[in-house]
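What follows is one structure encoded as structure tokens, with my remarks underneath.
The values are calculated or read from the model by the stated rules, or taken from the named source; none is laboratory data. Worth saying up front: this structure is predicted, and the values here are computed from it rather than measured. FYI the Cβ positions are ideal-geometry reconstructions off the backbone, even for glycines, and counts take in every protein chain you see. Just the protein is used for accessible areas: all its heavy atoms, side chains included, with ligands, DNA and RNA removed. Shrake-Rupley method; radii C 1.70, N 1.55, O 1.52, S 1.80 Å.
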Amino acid sequence: MDGLFVHGVTEVMSTMDTAAQGLGYRLYVIKEGTVPLAGNIAHSVFFPGTMAVMTFMLLGAAVGLYIAACRQYRRRIAELTGRKPKSLTGWKLWRLKEIAQEIEYELTGENI
């Protein structure tokens, strides 16, 4: 059988081919074989690296948001007291929130 050969693609003669032979034409219908979507993604060379980069990006974003929240409370404490917060407060967000609430309570006299 002469005609088109493509690796991985099946060649099927059309039923119209018999009618077109009388005119000197040969018609082909080319159908692709089934390809599973992302069938071997776990075995890909790029998968572990991509997952590592995504993990580090997510971790970096979380750390950035935590530091931004701590800086906000440290600024609030500095505004309320008029001086820099003690270095002992550190970067514990829950402790910074407690200190800010205690200072606000002392200034206003009511629990916020």
Inset, instruction - Looking only at the stretch 97-108, decide whether some residue is over 27 Å from the mean Cα position of the chain (by Cα), modelled with pLDDT of 90 or more, in a helix (DSSP H, G or I) and of a type in the set (Lys, Arg). - result: yes
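Can you find a residue that is open to solvent by 90 Å² or more (accessible area, probe 1.4 Å), assigned to a helix (DSSP H, G or I) and at pLDDT 75 or above anywhere in the stretch 14-22?
Residues of the stretch 14-22 open to solvent by 90 Å² or more (accessible area, probe 1.4 Å): 15-16, 18, 21.
Right, trim to assigned to a helix (DSSP H, G or I) and you get 16, 18, 21.
Add one more test, that the residue is at pLDDT 75 or above, and what stays is none.
No.
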Inset, instruction - Determine the pairs where a residue that is over 16 Å from Thr81 (Cα atoms), located within the stretch 91-102, has a partner that is outside any helix (DSSP H, G or I) and hydroxyl-bearing (Ser, Thr, Tyr) with Cβ atoms under 7 Å apart, the partner being 6 or more residues away or on another chain. - result: none
